[in-house]
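All remarks here apply to the structure that follows.
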Amino acid sequence: MSLLSRIANVFRGRAMSREIDEEFDSHIADAIEQGRDPAEVRRAFGSPLQLREASRDLRLLPWLDSLRADSVFAFRRLLKTKATSAAAILSLALAMGACTSAFRLIDALLLRPLPVAAPERLHAVAFEGIGANRQSMVYDSCSYPMFERMRAAVKDQAESIAVSYAERIDLTYGSGQEIERAYRQFVSGWMFSSFGLKPAAGRLFTADDDVTPGAHPVVVLSHDYWTRRFAADPQAIGRTLRIGDGVYQIVGVAESGFTGTETGTVTDVFVPMMMKSPRTLASFTNFWLRTLVQFKPGAAVEPVHERLRATFRTIQEERATTFTGISKQQMDRFFKEKLLLEPAAAGRSNLQREYRRFLLALGILVTLVLLIACANLANLMTAQAAARSREMALRVSIGAGRLRLVQLVLVESFWLVLLATVIGGVFAWRSAPFIVGMISSPENPARLTLPADWRVLGFALALALGVTFLFGLAPALRASSVKPVLALKGGEDPHSRRRLMHALVVLQIAFCFVVHFVAGLFIASFDSLSNQPTGFSAARILNLETVTQRPQPAVFWDQVLEHLRTLPGVETAALTTWPLMSGESSVGSVAVNGAPPSETMTDTLSVSPGWFDAMRIPLLAGREFNAGDANPAVAIVNEAFARQFFDGANPIGKSYDNGRGSVRIVGFVRDARSRDDLRLPIRPIAYLPFHAPQPMARGTFVVRTSTANPLALASILRQEVLRARSEFRVSNIRTQQEINRSKTIRERLLAMLAMFFAAVALLLAAIGLYGVLDYSVLQRRREIGIRMAIGAQAVDIARRLTAEIFLMVLAGAIAGLALGEASVRYIETLLFQVRPSSFGTIAIPLLVILTTALLAALPAVLRAVRIDPVTMLRAD
């Protein structure tokens, strides 16, 4: 009989048994027809039951049949205990769903390889050095001349590919159309062929597109953008679009699935490297691109790494000869920079760097919640095994082997896990995109590929099997080791089983304490970060980021500004280069009193008259800008500038050198935060007049509205800008409060998720504690009855049970504190102005857990003190 037939027979038990009985009956009937005595024939055939079982074993797979029978039996047991099973399944589903969701995020951002040929051979060049704050820093940008030198050094063993940072730009498809926002990435012409990508339409770049600066104004669209913007219309090939003052032709669409090398950002438009400005391409000091290194088959990493290091050292020595006016300390830091070669199979992006630690912390939290749920179910299975000790003893007595009993209990565990996996899968399917939406900001939307493919399904299956053995194996082994004589006489010592269950509760409390400890740190960190002073008022501020196709003189910008000031609902308006805390910055070195340029860099920001009033930044001394001030003749500086360069003295009337000439300080204002990193102190800032000698192609109109909701005027203001000057178009509108909130997205999300998992962990630990104490009271009914019969009061019984709770909570808290302190080093980079060993971070979780434990134990304690000793002893 074939294997498939034997497998099929497992699931047609009754039909197969009927066929076997019919076959035996036919043999008996044949023998009787031949004249043999019926009784003798039946005696010769033997026991029909034994014959049927032997024949069944030949027609099917016995191990698979026993597995099927145990599965049916286990499912029926679950239906008999609906409430208990439902609670166990839901708690485990929540934990497993959280684990699967965390894996989807980690896989999408850090593990999933790019859809290119041989992604395992792809590496990225990075550099390690000492930052301005004297701390180690790693960056991965370099200049185009550096890239060319490094490419030439390793071209016999690897192909180097230059890719810029994906940036959000403004583009139009016609003179009369609205400005659209899209992500652009400059790439080497040979990138697509090196990655083994094929065009979905048209053609892709070649090396010929990347030879002469400005010679090939062509673009390739990503398949995702082509589908969203053009509904996959082949007629899009050949159309033109305008980016800045350049016109480009669409020549092709990239292969489906490839959205660039910057994980977390979907590139819409690819542009050849040579379409960058010639000045930028020639600059050795303009760091704006990443270098990817794709190894040739059989090439080793270390020789290539050594060549790149030697090339980088040579480049550094050449660059050092051009430096003037820098200190010995700066030169030492410069030469201490090292070149790194890091795997980049999953791409390379700032989102990966920013959220690597975040995902590690999330993984720790969900793992602890899963372990708490597993300990819960292990206690449930242990209690069920104790209740079924007589059943197991009878099974052993009639011949069941130990492996069969282990299989029976594991199958019951697997049913719980299977149902929990299905429900948890639904939770993971919805929660992972929700988290991606939370880390996304309007000005920098994050997009991750989150398919439910074999990777996610494989993880879910491995997790299900792992959880089954994690919480089911110990109860299964314990149930299978039952001794029939002891079980039938009343069972083995119950104290050993209670000790195991109490140990699991201690473990639950320890993990719960860690979750609350870490959650408290994240919440305190978010609170400290969100309450950092900014130095300006963000309320009712609307930023209109505006661009022009060609640079416009300052007088045209002033015309638009004056028009906006006359509109109803506008309290005041001003101009600046970009909004505060937008992530954009311009830095330069400053020299005072004839000294060399300072190591401390200074931010510069161009603003118009009235900007300080609009942002509510107090003027401490001097004056604001007026219409006659020109850039860079005069400046207004902040307190940090005065502390850094003038020892905190009033800087009015003093001058500094910015490398282009002397600048006179006419105003002194309070510190206001311009950078987007709230963790760093406010830097020295020199505000310059918005009016510059050269025309400008971009700027931001800062409007303070008289209405509480500034977005109510957004559409009107957009139209009024265009009405004032037809050359001006608003490319983006953001409130200042929206910008400020976006700088704490990661910390806010961590705090929210930490609070959620802390609540889940507390609920699961409470359920586990209640179950163990209830089981303990049930097992100790006779002992409690005897104690009460000889004079123990209800208070004494309650005190005894409460002491057990205190001991378990105390033991769990001590273990949890040790684990929590050990985990801090993995998450300390995510914390801000928080002391992990402070009284509050330890006392609050302990108090919360202890209070919850007492509430969870209350029903069991009340049940114990209500035991009637007379009734209990009569029952015994």
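Brief remarks on what is shown
- Being open to solvent by less than 20 Å² (accessible area, probe 1.4 Å), closer than 30 Å to GLY588 by Cβ and in a helix (DSSP H, G or I) is a condition met by no residue of the range 284-305.
- Annotation note: Cβ proximity below 8 Å between a residue of the range 306-323 that is assigned by TED's automatic domain parsing to the domain that holds VAL154 and a residue that is open to solvent by less than 20 Å² (accessible area, probe 1.4 Å) and not in a helix (DSSP H, G or I) (sequence gap 6+ or interchain) occurs for LEU308/VAL125; LEU308/VAL293; LEU308/LEU339; ARG309/LEU339; PHE312/PHE127; PHE312/LEU339.
- Options GLY588, GLY583, GLY628: the member that is touching a residue at least 24 places away in the same chain (Cβ under 8 Å) and farther than 29 Å from LYS328 by Cα: GLY583
Residue by residue, here is whether (1) more than 23 Å from the chain's Cα centre (by Cα); (2) of a type in the set (D, E, K, R); (3) closer than 27 Å to PHE195 by Cα; (4) surrounded by 21 or more Cβ atoms within 10 Å (Cβ to Cβ) holds:
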{"residue": "LEU90", "(1), (2), (3), (4)": "yes, no, no, no"}
{"residue": "THR100", "(1), (2), (3), (4)": "no, no, no, yes"}
{"residue": "ALA117", "(1), (2), (3), (4)": "yes, no, yes, no"}
{"residue": "ARG121", "(1), (2), (3), (4)": "yes, yes, yes, no"}
{"residue": "SER141", "(1), (2), (3), (4)": "yes, no, yes, no"}
{"residue": "GLU148", "(1), (2), (3), (4)": "yes, yes, yes, no"}
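- Residue count for the range 161-190, restricted to those that are open to solvent by less than 50 Å² (accessible area, probe 1.4 Å) and not in a loop (DSSP other than H, G, I, E, B): 15
- Cβ pairs under 6 Å, 6+ apart, first in the range 404-415 and over 9 Å from THR468 (Cβ atoms) and in contact (Cβ under 8 Å) with a residue 24 or more places away in the chain, second in a helix (DSSP H, G or I) and among the aromatic types (Phe, Trp, Tyr): TRP415/PHE75
- Inside the range 724-746, residues that are among the aliphatic types (A, V, I, L, M) and closer than 21 Å to ILE439 by Cβ make up a count of 2.
- Count of the range 484-502 residues which are exposed (fewer than 14 other Cβ atoms within 10 Å of the Cβ) and at pLDDT 65 or above: 1
- Condition met for ILE797 (of a type in the set (Val, Ile, Thr) and within 19 Å of ALA378 (Cβ to Cβ)): no
- Residue, surrounded by the most Cβ atoms within 10 Å (Cβ to Cβ), within the range 615-635, restricted to residues that are in contact with a Gly (Cβ under 7 Å, 6 or more places away or on another chain) and within 22 Å of ILE541 (Cα to Cα): ILE617
- One residue from ARG746, ARG781 being open to solvent by 40 Å² or more (accessible area, probe 1.4 Å), within 27 Å of LEU500 (Cβ to Cβ) and touching a residue at least 12 places away in the same chain (Cβ under 8 Å): ARG781
- Any chance SER706 is free of Cβ contacts under 8 Å to residues at least 40 places away in the same chain, open to solvent by 30 Å² or more (accessible area, probe 1.4 Å) and small (Gly, Ala, Ser): no
- Candidates ARG673, ARG704, ARG698 - the one that is assigned to a strand (DSSP E or B) and closer than 30 Å to ASP527 by Cβ: ARG704
- Evaluation of VAL760 against (1) in a helix (DSSP H, G or I); (2) surrounded by fewer than 18 Cβ atoms within 10 Å (Cβ to Cβ) (one fails), failing number: (2)
- Pair list, Cβ < 7 Å and 6+ apart or interchain, from the range 327-341 residues that are without any contact (Cβ under 8 Å) to a residue 12 or more places away in the chain to residues that are surrounded by 12 or more Cβ atoms within 10 Å (Cβ to Cβ): MET331/ALA320
- Residue match in the range 334-344 (condition: buried (at least 17 other Cβ atoms within 10 Å of the Cβ) and in a loop (DSSP other than H, G, I, E, B)): yes
- Any hit, the range 219-229, residues being surrounded by fewer than 18 Cβ atoms within 10 Å (Cβ to Cβ), touching a helix residue (DSSP H, G or I) at 6+ places or on another chain (Cβ under 7 Å) and either among the hydrophobic types (A, V, I, L, M, F, W, C) or in a loop (DSSP other than H, G, I, E, B) (or both): no
- Residues of the range 708-746 that are more than 30 Å from ASP527 (Cα to Cα), in a helix (DSSP H, G or I) and touching a strand residue (DSSP E or B) at 6+ places or on another chain (Cβ under 8 Å): LEU713, ALA714, LEU717, ARG718, VAL721, LEU722.
- Selection within the range 649-670 - surrounded by fewer than 16 Cβ atoms within 10 Å (Cβ to Cβ), assigned to a loop (DSSP other than H, G, I, E, B) and modelled with pLDDT of 90 or more: ALA649, ASN650, GLY653
- Residue match in the range 802-811 (condition: open to solvent by 20 Å² or more (accessible area, probe 1.4 Å), not in a helix (DSSP H, G or I) and not acidic (Asp, Glu)): no
- Yes/no for ASN593 being more than 40 Å from the chain's Cα centre (by Cα), of a type outside the set (Val, Ile, Thr), modelled with pLDDT of 90 or more and open to solvent by 30 Å² or more (accessible area, probe 1.4 Å): no
- The conditions of being of a type outside the set (S, T, N, Q), in contact with a Ser or Thr (Cβ under 9 Å, 6 or more places away or on another chain) and at pLDDT below 85 are not met by GLY425.
The values are calculated or read from the model by the stated rules, or taken from the named source; none is laboratory data. Keep in mind that this is a model prediction, so the values were computed, not measured. Cβ coordinates were reconstructed from backbone atoms using ideal geometry, including for glycine residues, and neighbour counts include every protein chain displayed. Protein only, heavy atoms only, side chains kept; ligands, DNA and RNA dropped before computing areas. Shrake-Rupley method; radii C 1.70, N 1.55, O 1.52, S 1.80 Å.
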